[in-house]
Amino acid sequence: MQLEHYIGGRFLATEEEKWTSVLNPANGELLAEVPLATEVTVNEAVAQAKQAQQEWALVPAPKRAQYLYAIGMKMQEKKEHLATVLTKEMGKVIEEGRGEVQEGIDMAFYMAGEGRRLFGETTPSELSNKFAMSVRAPIGVVGLITPWNFPVAIATWKSFPAIVAGNTFVWKPATETPMMAYEMAKIFDEVGLPKGVANIVFGSGGEVGTALIEHPDVKVISFTGSTETGRKVASLGGQHLKKVSLEMGGKNAVIVMDDADLDLAVDGILWSAFGTAGQRCTACSRVIVHKDVKEELEQRLLEAMKQLSIGDGLDESVKVGPVINQKALEKIHYYVEEGQKEGARLLAGGRILTEQPYSQGHFYAPTLFTDVAPDARIAQEEIFGPVVSLIAVADLEEAIQVNNSVQYGLSSSIFTQDINSAFKAQRDLDTGIVYVNAGTTGAEIHLPFGGTKGTGNGHRDSGVAALDVYTEWKSVYIDYSGKLQRAQIDTE
Ligand code: NAP
């Protein structure tokens, strides 16, 4: 299968472009060939988006929203197909693939509803016979840069609010996962989204990403990926005075207090730590446990981890799929070796799986460390794999301090039966998302998604908050007094 860019309502690839292969991380099967765009292709996509935006902005928002309803319906109709492509391309187990597609469907319907809201404010003027209001105005062409670990959901968090608000977009998906973007292009085409509103260009971050950020007609860059790349995007975007929204890495923790329901905590940790093979931005990679229940929790976790079946995510019985590629495997293993050198005790896993049926894919054994120092590298840096570090603490205050001691601030969770501890924790945990008696993953699309510190720069994906990225506030004053009225002066 050969993929093509989607530009101005046409599928195309040019002879001059280089091509790369998309491989199934579970078994190395060749899934597709994908063209890698040059700056010329990016310029064409931006030109098409710019041209389309002028008309699109004038389409009434409820009508723009009709396209989102149609996109949501189409995604629903194709849900099983989309989930299968997602699992083959990215590796997450099919149940999670279905969940991710559902997230996109939910986002379509939710943002379609915004077509009849997009609320601004009306407020009294300080002067008589004068009307004051604020409205959301579209910004123009938006550049979207997305990672491979949620190849469809993240793109919907960004593109749907962008288009309902009257913008058009050029989307650069991760080089590892172009197939889901191609599926979305087909859907945009099938529902008859006006040409140029949605444009998808495949290619590397260095070339296509940079070209998008530097293009003078791209007014907003919405990026999700690692903190390291986010820094580069912010810096280049800053030079070009772009509005840049960044959603970046995480080092998320589950806190387990001495009064916690331990069975529930084990379920939450397993789901958050080993789902998507630990490759979620919200993955639990630290468990901060009260010292009085540490040993009990270790034993229960070890027991439960034995039940985790590993394999090709298309097999419904599999709980942990492959990681994305060889480089990821090596990075995970490097951290595991570092952890051991730093004195952490390895309780389970800690190896690349090379035996059958894993030999053709990229599989890492679910890994549990204990006696991890809070400042150890495995407790501070994002590993992005199925590796969890247990850190023992004496009380809630220490747990919160350890949670907050990392450079990231995406998600955190506390398991406790005590309402006072729960409320203190939700106030003091310095993360954009806090869960009580649930793991660190499980965000719903109608709340803001994002984090503090090294995870974000104050913007949010998802929820109504996402509209702030893709709109400018315009304040409008209408004076119907028939005379000059000066604000702050003629108020007596
Ligand atoms: P990544 O390596 O930073 O890549 C993300 C995207 O940026 C890709 O499309 C990549 O293109 C592109 N890119 C790379 N270099 C670039 C440059 N110099 N200029 C512009 N774009 C560039 O991240 P990843 O490995 O795909 O994803 C994993 C990371 O994403 C983890 O850190 C995870 O925590 C984070 N993440 C965060 C959230 C959140 O909402 N906070 C959600 C999901 C994932 P190529 O594919 O061509 O390299």
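The values are calculated or read from the model by the stated rules, or taken from the named source; none is laboratory data. As the structure is a prediction and not an experimental result, all values here were calculated from the model. Reconstructed Cβ throughout: ideal geometry from the backbone, glycine too, with neighbour counts over all protein chains shown. To get the accessible areas, we keep the full protein, side chains included, count just its heavy atoms, and leave off ligands, DNA and RNA. Shrake-Rupley method; radii C 1.70, N 1.55, O 1.52, S 1.80 Å.
Here the 3J(HN,Hα) profile of region 382-395, calculated from phi with Karplus coefficients 6.51, -1.76 and 1.60 at θ = phi - 60°, is 6, 8, 6, x, x, 10, 10, 10, 8, 10, 8, 9, 8, 7 Hz, Gly and Pro shown as x.
Using only Cα atoms, what Kirkwood radius does region 338-409 have, in angstroms? In region 338-409 this quantity evaluates to 13.5 Å.
Relative to the longest principal axis of the Cα atoms of the chain, the long axis of helix 79-90 lies at roughly 60 degrees.
Normalised by 2.2 N^0.38 Å, where N is the number of residues, the C-alpha radius of gyration of region 352-479 stands at 1.39. Lys-Lys pairs in region 1-122 that are eight or more residues apart or on separate chains and whose Cα atoms lie under 23 Å of each other come to 8.
Once you reduce region 330-406 and region 187-242 to the center of their Cα atoms, the two points are 33 Å from each other.
Rolling a 1.4 angstrom probe over the protein heavy atoms with all chains in place gives region 177-282 an accessible area of 31 Å² per residue.
Between amide H atoms placed 1.01 Å from N, distances below 5 Å from Ile255 occur with Ile288, Ser413, Ile414, Phe415, all of them 5 or more places distant or on a separate chain. Scalar couplings 3J(HN,Hα) for region 332-343, obtained by applying the Karplus form with A = 6.51, B = -1.76, C = 1.60 to θ = phi - 60°, are 4, 5, 4, 5, 5, 5, 4, x, 5, 4, 7, x Hz; x denotes Gly and Pro. Computed from backbone phi, the HN-Hα couplings of region 192-200 come to x, 4, x, 3, x, 5, 10, 9, 10 Hz, rounded to whole numbers (Karplus: 6.51 cos²θ - 1.76 cosθ + 1.60, θ = phi - 60°; Gly and Pro given as x). For the chain, the Kirkwood radius over C-alpha pairs fed into Stokes-Einstein at 4 °C and 1.567 mPa s yields D = 55 µm² per second. Take region 1-119 with all the other protein chains still there, run a 1.4 Å probe, and you get 46 Å² of accessible area per residue. Extension gain for Glu316 to Lys291 (0.36 nm times residue separation, less C-alpha to C-alpha distance): 5.3 nm. Placing +1 on the Cβ of every Lys and Arg and -1 on the Cβ of every Asp and Glu, with nothing else charged, gives the chain a dipole about its Cα centre of roughly 1460 debye. Across the chain, the mean sequence separation of Cα contacts (distance under 8 Å, 6 or more residues apart), normalised by length, yields a relative contact order of 19 percent.
Where both bridge residues fall in the chain, DSSP classifies roughly 45% of the beta bridges as antiparallel.
Rounded to the nearest 10 degrees, the angle from helix 227-239 to the longest Cα principal axis of the chain is 20 degrees. When Rg is the radius of gyration of the Cα atoms in region 122-228 and Rh is its Kirkwood radius, what does Rg/Rh come to? Radius of gyration over Kirkwood radius for region 122-228 works out to 1.13. The per residue volume of the convex hull around the alpha-carbon atoms of region 1-130 is 176 Å³. Sorting the segments 169-180, 239-250 by their mean number of nearby beta carbons within 10 angstrom, highest to lowest, gives 169-180, 239-250.
What is the sum of charges around Val387, taking Lys and Arg as +1, Asp and Glu as -1, for the other residues whose C-beta is under 14 Å from the C-beta of Val387? That works out to +1. Here region 184-244 is treated as an ellipsoid with the same Cα gyration tensor; its semi-axes, largest first and in whole Å, are 25, 13, 10.
Relative protection proxy for 384-395, 119-130, 424-435, from highest mean packing down: 384-395, 424-435, 119-130 (other beta-carbon atoms within 10 angstrom). Extension gain for Asp479 to Thr122 (0.36 nm times residue separation, less C-alpha to C-alpha distance): 127.1 nm. Packing, as the average of other Cβ atoms within 10 Å across residues, places the peptides 269-276, 111-118, 67-74, 341-348 in the order 269-276, 67-74, 111-118, 341-348, highest first. What part of the accessible area of region 262-406, given as a whole %, is carbon or sulfur when the probe is 1.4 angstrom? For region 262-406, the apolar C and S fraction of the accessible surface comes to 49 percent.
As a fraction of the 1.4 Å probe accessible area of region 55-207, surface on carbon and sulfur atoms comes out at 53 percent.
Using the charge dipole of region 81-140 (Lys, Arg: +1 at Cβ; Asp, Glu: -1 at Cβ; taken about the Cα centre), state which of Leu82, Thr122, Gly104 has its Cα farthest towards the positive end. So the residue we want is Thr122. Other residues whose C-beta falls under 15 angstrom from the C-beta of Asp428 contribute a net charge of -2, scoring Lys and Arg +1 and Asp and Glu -1.
Between region 170-184 and region 69-89, what is the C-alpha centre distance in whole Å? Their Cα centres are 14 Å away from one another. Between the amide H of Ser245 and those of Ile221, Ser222, Phe223, distances stay under 5 Å, these residues lying 5 or more places away or on another chain, with hydrogens modeled in the peptide plane. What number comes out for the charge environment of Gly143, summing +1 per Lys or Arg and -1 per Asp or Glu over other residues with Cβ under 9 Å away? The answer is +3. Helix 419-428: angle to the longest alpha-carbon principal axis of the chain, degrees 0 to 90, nearest 10? Around 60 degrees separate the two axes.
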